[in-house]
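Read through the structure below, which is laid out as structure tokens, and then see the notes.
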Amino acid sequence: MHSQYPTLANESKELISKLPLNAKGLHRINFAKGKITLSLLYGDLDQTLNELKNPQIKYDAWYLDGFSPAKNPEMWSAEIASCLAEASHSETTFSTYTVAGFVKKNFERANFSLFKLKGFGKKRSMLSGKSNSEEKKIIIKKKTIGIVGAGIAGCSLAKILAERGHNVIIFDKEDGPSKAATGNPFLVAYPRLSAHDSPYARFSLHSYLFSSRFYDDMDTKFWKKSGVLMLGFDENSLKREKALCNSRKDTVLFEKLDKELASKKAGFKINHGGLFFKDAGYIDPEGLCEEMIDNELIEKKFKEEVKSLKKESDHFHLKTENSEYVLDHVCLCNAFMVNQFTDFQGVSKKRGQISYISTDKTLKNLEFPICAGGYLSPKSEDKHLIGSSYSKSDSTELIEEEHNENLKKIKIIYDEKIKLQGGRVGFRTVTRDRLPLAGVVNGIHVNIGHGSKGSTSAPLCSEYIADLIDSTTLPVDSFVAEALKPDRFKVKN
Ligand SMILES: Cc1cc2nc3c(=O)[nH]c(=O)nc-3n(C[C@H](O)[C@H](O)[C@H](O)COP(=O)(O)OP(=O)(O)OC[C@H]3O[C@@H](n4cnc5c(N)ncnc54)[C@H](O)[C@@H]3O)c2cc1C
């Protein structure tokens with residue numbers, strides 16, 4: 001790749017350089033406009049090799065850059081060569097800069113044919129190879145896929161599937177996309193990180209990095225990669241901030257700002273320092289969702305409530321009030337309404353209210369969201385969004401107490417007089433462990449439970465569902481996939 005495709009090599013190098021240290025697990029990086037998919041495994045060999053031992057998943061090409069074979073022989077062992085061979089099909093190739101004798105021997109023994117080629121840069125020669133596996137490369141068949149729900153989860157999935165050439169039919173009972181939880185004027189896309197490597201922490205980091213690249217690739221005005229400032233304002237947030245700073249030796253993910261620097265960046269006095277996440281930002285979900293489903297392979301069925309879903313041999317029969325559709329696959333992206341069709345435990349809805357406040361001569365220049373318990377967004381027209389409340393109420397009307405809750409939280413960020421200008425009510429779909437439900441159960445795909453982080457979590461879950469449908473390499477490792485299983489709360493009897 002290096003000598004033949006220098007621009008691709010540069011593009012991939014640049015994307016990889018943006019990954020932080022200490023980001024264990026599998027990273028999915030799409031580049032060359034999504035035509036090339038890179039699976040990058042960070043971690044110790046014994047764990048990462050296990051990730052390759054899924055007999056259904058075969059890779060097209062391997063790039064081996066395991067440091068010098070003389071100094072780091074473990075990376076070039078016979079075990080690795082045979083593991084890569086197992087995860088190869090008959091057209092898989094590999095290439096590496098080294099031509100060391102024992103590397104060649106290990107790959108030959110693992111059933112690769114080898115070719116010594118002219119090297120690149122300062123290297124005189126390089127090694128390339130082709131697998132002699134009898135396993136045929138899977139040809140992905142174009143399918144017809146139904147998606148129930150046109151929020152950020154459904155629309156991001158529709159976009160990914162259509163770009164892969166599938167025919168998509170997206171249904172929503174509302175008269176357009178982004179009308180339910182997704183319909184706030186802004187959704188702030190930022191991670192909730194932890195210093196420990198739990199499934200939640202790993203998913204938060206990976207989905208954040210993925211979503212930021214996903215929106216970048218859309219090259220859209222509905223994504224503002226403005227950065228997000230997260231203040232350390234109380235005992236818990238300061239403790240988390242300290243642990244995060246101690247766990248990282250790089251500043252790729254965030255930059256620590258004291259209160260003077262935070263104030264300077266925001267353009268007004270803030271009484272707390274915090275962490276500035278430069279790859280974070282905010283989306284305008286309505287515009288973004290419209291753009292995501294603007295593809296001729298996506299048929300839009302708005303004001304069509306899905307009433308029933310039935311599996312018959314290898315097809316699904318989906319009924320709305322007046323029509324019936326026969327589909328190869330169905331993905332439920334209908335948030336807490338999922339149990340209309342199946343019985344998923346551990347899922348519930350949580351009311352949230354955002355409030356709008358008028359801008360003023362200080363706030364009007366704010367360029368990025370600031371979070372501290374609640375959040376304050378940059379202005380949209382002449383209003384800023386602050387939020388949001390969490391309550392058990394079922395009411396769809398604005399509740400004064402919840403406006404007051406938002407106004408109180410915002411004082412940590414901006415303690416000047418502000419004028420309330422209404423608000424909006426929505427219902428988050430929350431799960432017991434705060435992770436989404438993403439995967440397949442009894443043949444039905446599910447992508448729900450995005451809680452208060454849908455703009456960050458939905459794109460990676462959608463990519464995962466699309467890969468499950470295509471039976472191809474997955475964008476999450478088994479540690480994360482296990483934690484996202486839709487039936488994980490099912491009571492075992
Ligand atoms: C007050 C508030 C503030 C928030 N702030 C943020 C934020 O700053 N950043 C962030 O990332 N997230 C935020 N969130 C969370 C975010 O809004 C959600 O995580 C996200 O929108 C969930 O998207 P979704 O596609 O899963 O669900 P939804 O947007 O709820 O979409 C589900 C869709 O399914 C449709 N549907 C249901 N049943 C059927 C059926 N039978 N047939 C057809 N259609 C059906 C519904 O009409 C709906 O359109 C906030 C949420 C709230 C409530």
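The values are calculated or read from the model by the stated rules, or taken from the named source; none is laboratory data. On a predicted model such as this, the values are computed, not experimentally measured, just so you know. Quick reminder, even Gly has a Cβ in these numbers, built from the backbone with ideal geometry, and neighbours come from all protein chains shown. When the accessible area is computed, the model is the full protein with side chains, heavy atoms only, and any ligands, DNA or RNA have been set aside. Shrake-Rupley method; radii C 1.70, N 1.55, O 1.52, S 1.80 Å.
Going by accessible surface with a 1.4 Å probe and the largest first, 433, 467 read 433, 467. Computed on the Cα atoms alone, the convex hull of segment 64-199 gives a volume of 221 cubic angstrom per residue.
Seen through its C-alpha gyration tensor, with square-root eigenvalues sorted a ≥ b ≥ c, segment 12-67 comes out oblate because a/c lies at 1.5 or above while a/b is not bigger than b/c. The alpha-carbon positions of segment 383-462 define a convex hull whose volume is 137 Å³ per residue. Summary of the geometry: segment 338-397 and segment 114-129, compared by the centres of their Cα atoms, lie 55 Å apart. Using a cutoff of 8 angstrom between alpha carbon atoms and counting only pairs six or more residues apart, the relative contact order for segment 429-493 works out to 34 percent. Dipole orientation for the chain: of the candidates 244, 459, 449, 244 has the Cα lying most toward the positive pole (charges on Cβ; Lys, Arg +1; Asp, Glu -1). Database remark: amide H of residue 169 closer than 5 angstrom to the amide H of 145, 146, 147, 299 (H placed geometrically; neighbours at sequence offset of 5 or more, or on other chains; Pro and chain starts carry no H).
Annotation: cysteines of the chain without a disulfide-compatible partner (Cβ-Cβ under 4.7 angstrom) are 83, 245, 331, 333, 371, 461.
Accessible surface for the chain, divided over its residues, is 50 Å² per residue with a 1.4 Å probe. Taking the Cα centre of segment 317-403 as origin and assigning +1 to Lys and Arg Cβ atoms and -1 to Asp and Glu Cβ atoms, the resulting dipole is close to 280 debye.
Fraction of C-alpha pairs exceeding 18 angstrom in segment 311-465: 66 percent, rounded to a whole number.
Full extension of the chain between residue 235 and residue 195 yields a length gain of 12.8 nm, computed as 0.36 nm times the residue separation minus the alpha carbon distance. For 19, 114, the ranking by accessible surface with the largest value first comes to 114, 19, using a 1.4 Å probe.
Based on Cα contacts under 8 Å between residues 6+ apart, the chain shows a relative contact order of 16 percent. For residue 294, the solvent-accessible surface computed with a 1.4 Å probe is close to 120 Å², ligands and nucleic acids excluded. For residue 83, the accessible surface of its heavy atoms amounts to roughly 10 Å² (probe 1.4 Å, protein chains only, rounded to the nearest 10). Converting the Cα gyration tensor eigenvalues of the chain into ellipsoid dimensions via √(5λ) gives semi-axes, longest first, of 41, 30, 19 Å. Restricted to Cα atoms, segment 272-377 shows a radius of gyration and a Dmax of 20.6, 63 angstrom.
The fraction of accessible area contributed by carbon and sulfur in the chain is 49 percent, rounded to a whole number (1.4 Å probe; ligands and nucleic acids excluded). In terms of overall dimensions, segment 6-131 has a Cα radius of gyration and Dmax of 14.5, 39 angstrom.
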